[in-house]
1. Which of the residues that make up segment 158-196 are open to solvent by 20 Å² or more (accessible area, probe 1.4 Å) and hydrophobic (A, V, I, L, M, F, W, C)?
2. Does at least one position in segment 135-155 carry a residue that is open to solvent by 60 Å² or more (accessible area, probe 1.4 Å), under 27 Å from Ser314 (Cβ atoms) and among the β-branched types (Val, Ile, Thr)?
3. Taking the condition of being under 19 Å from Val18 (Cα atoms), more than 13 Å from the ligand (Cβ to nearest atom) and among the hydrophobic types (A, V, I, L, M, F, W, C), how many residues in segment 95-119 meet it?
4. Quick one: His199 ticks every box in (1) more than 10 Å from the ligand (Cβ to nearest atom); (2) modelled with pLDDT of 95 or more; (3) outside the structural domain of Ala149 (by TED's automatic domain parsing) bar one, so which box is it?
5. Quick one: how many residues across segment 83-105 are among the charged types (D, E, K, R), open to solvent by 60 Å² or more (accessible area, probe 1.4 Å) and either outside the structural domain of Leu261 (by TED's automatic domain parsing) or closer than 24 Å to Ser267 by Cβ (or both)?
6. So how many residues does segment 46-85 have that are under 26 Å from the mean Cα position of the chain (by Cα) and at negative phi?
7. Restrict the check to segment 51-67 and report whether at least one residue is under 26 Å from Gly214 (Cβ atoms) and out of contact with any strand residue (DSSP E or B) (no Cβ under 7 Å at 6 or more places or on another chain).
8. Gly334 is checked against (1) open to solvent by less than 80 Å² (accessible area, probe 1.4 Å); (2) part of a helix (DSSP H, G or I); (3) out of contact with any His (no Cβ under 6 Å at 6 or more places or on another chain) and fails just one. What number does that condition carry?
Amino acid sequence: MKFHLVSGACGFVGRNMVKRLLATTTDKIFIVDNLSVGTHPSTWLDNFSSTFNKDLEIIGKDERLYFWKGDFRKLLHKLTDTPDYLQKEYGLQFDKFADVFHFAAIVGGRAMIEGHPMIVALDLAIDAEFFYWVCEHKPARVMYPSSSAAYPISLQSTTHAIALSESDIDFKKNLGTPDMTYGWSKLTGEFLAQIAAKHYGVSVACIRPFSGYGEDQDLTYPVPAIAARAAKREDPFEVWGSGKQGRDFVHIDDVIDCIMLAMDNISDGSAINIGSGKLTSFLELIEVFSKIAGYTPTIKPLLDKPVGVHSRYSNMDYVNNTFGWKPKISIEEGMRRVYEKQKSNLK
Ligand SMILES: NC(=O)c1ccc[n+]([C@@H]2O[C@H](COP(=O)([O-])OP(=O)(O)OC[C@H]3O[C@@H](n4cnc5c(N)ncnc54)[C@H](O)[C@@H]3O)[C@@H](O)[C@H]2O)c1
């Protein structure tokens, strides 16, 4: 019986990963989250039921999901001090974790990244503790989510924006300056992943998702927030900055597909992009949603709001050519799903 570990499992990417693992495997899954942002599994799992073994919540009739609520760093300390802690404390019967997905991080939207950079810098601590434990424990495979924020911001400006390729980050010669403390922590995490692979023989895959979105994302992120306002037919329609700044939006189902692909094909700590390869401005996003809602609002720019880099989008050639992978869900289809969800929330 395989036992997987998912940290940050109650957040946006984590819970989608857990649902995928439950649906596509018969394996057991140990999940960790301090619920600082994420919500309890009872809010995102169907037919929820649970029992407790001390402070460990065992979820579902088939008892495949184990929820440890708390700071991942605390658990990592326990596992580092006592490698068989889970066996001794809870009687769990397994030797090593199989797949380890590490989503615990302080993320937030633009307001968090620019407004609280030193809180976000704590990701450096979480990731350092994580990779230290990984190199001791040696699980079968590890997934580290980096981010498009790791790319040099000089390649994403108003006058000089390019589709970002994996080779635009080269630890041997070309790093540039990533996006705030968030980008630095992701770049450092990738470096630690490569050290774990090369010096400790751990199988690690890194991913650089661009702007993941989905029906169950919270309203601090632009896609659901704009969808919710379109569903209420906001007019004038507020946009942060001029709205001409753009991102590369990719649906969470495609993100999870590509994560699985990365796990199966990458072991040396290197990273692949996960994006659509298309740049969509926030003005275009508002247009997509207002079209679905059936009206044409006046745009009201909010020039005092943080907007980040001007244009951030992926070059997906490497992933397409190497693995034949492309996202399946178009912007129109994905955004319609988000809109329908926000519309139903109004009722
Ligand atoms: N969502 C995206 O499009 C995207 C893009 C690029 C990278 N990523 C990366 O993917 C990972 C997950 O992102 P997300 O969008 O799901 O974010 P999220 O904020 O929704 O999820 C992070 C989860 O980690 C938990 N957490 C935070 N600190 C913790 C700690 N110390 N101990 C235990 N749990 C803790 C939070 O409660 C939350 O549930 C992050 O590393 C993020 O940088 C996401």
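1. Step one: list which residues in segment 158-196 are open to solvent by 20 Å² or more (accessible area, probe 1.4 Å), which gives 158-163, 165-168, 170-177, 180-182, 184, 188, 191-192, 194-195.
Correct list: Ala161, Ile162, Ala163, Phe171, Leu175, Met180, Trp184, Phe191, Leu192, Ile195.
2. Yes, because at least one residue in segment 135-155 is open to solvent by 60 Å² or more (accessible area, probe 1.4 Å), under 27 Å from Ser314 (Cβ atoms) and among the β-branched types (Val, Ile, Thr).
3. The number of residues fulfilling the criteria is 3.
4. (3)
5. Residues flagged as among the charged types (D, E, K, R), open to solvent by 60 Å² or more (accessible area, probe 1.4 Å) and either outside the structural domain of Leu261 (by TED's automatic domain parsing) or closer than 24 Å to Ser267 by Cβ (or both) within segment 83-105 amount to 2.
6. Result for segment 46-85: 22.
7. Yes, segment 51-67 has at least one match.
8. In the conditions (1) open to solvent by less than 80 Å² (accessible area, probe 1.4 Å); (2) part of a helix (DSSP H, G or I); (3) out of contact with any His (no Cβ under 6 Å at 6 or more places or on another chain), Gly334 misses (3) alone.
The values are calculated or read from the model by the stated rules, or taken from the named source; none is laboratory data. It should be emphasised that the depicted structure is a prediction, and the values quoted were computed from it without experimental measurement. In this analysis, Cβ positions are derived from the backbone assuming ideal geometry, glycine residues included, and neighbour counts consider all displayed protein chains. Only protein heavy atoms, including side chains, enter the accessible area calculation; ligands, DNA and RNA are left aside. Shrake-Rupley method; radii C 1.70, N 1.55, O 1.52, S 1.80 Å.
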